[in-house]
1. Work through the residues other than Ala123 whose Cβ is under 10 Å from its Cβ and net out their charges, Lys, Arg +1 and Asp, Glu -1.
2. Using the Cα centre as the reference, give the magnitude of the dipole from point charges on the C-beta atoms of region 53-143 (Lys, Arg: +1; Asp, Glu: -1; all else neutral), rounded to the nearest 20 debye.
3. By count of other Cβ within 10 Å, fewest leading, how are Tyr137, Tyr114 ordered?
4. Given a Förster distance of 35 angstrom, what is the FRET efficiency for Gln56 paired with Met18, based on the Cβ-Cβ distance and rounded to 0.05?
5. Can you run phi through the Karplus equation (6.51, -1.76, 1.60; θ = phi - 60°) for region 112-126 and list ³J(HN,Hα) in whole Hz, with x for Gly and Pro?
6. What trypsin sites (Lys or Arg not before Pro) in region 78-130 are in a loop by DSSP, with at most 13 other Cβ atoms within 10 Å of the Cβ?
7. Which order do Val136, Val34 fall in if you start with the one that has the fewest other Cβ atoms within 10 Å?
Amino acid sequence: MRAPVRDARSRAAGELNMTPMIDVVFLLIIFFLVSSHLARRESRLALDLPTAATGQADDDPSPRLTINVAADGALSLGAEAIDPTQLTERLRAQSEAEGDALRVRLRSDRAAPYSAVEPALAACAEAGVEDIALAVYGKEARR
């Protein structure tokens, strides 16, 4: 007895082409790798944060815009260096783009003088930002 012969058309109708799905999976993997790298990059700026004796952790999971103040007084918005004169306008634009009240995290090096931190706080006040969190180390984290 002879086995039935199948041609290429009948075989292809029963199989799924996995190539497009594999392409989509690889694109998703690349997207998540790049986005996680950018999110970590802004918090990797080498700042020696001050230690807090009191305070509480921010348990709100909603995102915050990060302003960094280096020991030499240089400001950066996220990972991008910014001039203090431009900070107010950038904060206003970000606030208008989000529509909600803007939440800001201020990371300042412990060696930065207050005169370097004050322009960032003033820019937040001028832009109408009311929710500002100061990033510090807890007593336990510094040991």
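1. After counting each charged neighbour, the total is -1.
2. 480
3. Neighbour counts put them in this order, fewest first: Tyr114, Tyr137.
4. The formula returns an efficiency of 0.10 here.
5. 6, x, 4, 5, 8, 7, 4, x, 5, 5, 5, 5, 4, 5, 5
6. Arg110
7. Val34, Val136
Read-outs throughout are calculated quantities, based only on the coordinates presented, and are distinct from any laboratory measurement. Small disclaimer: the values here were computed from a predicted structure and weren't measured. Here the Cβ is made from the backbone with ideal geometry for all residues, glycine too, and neighbour counts use every protein chain on show.
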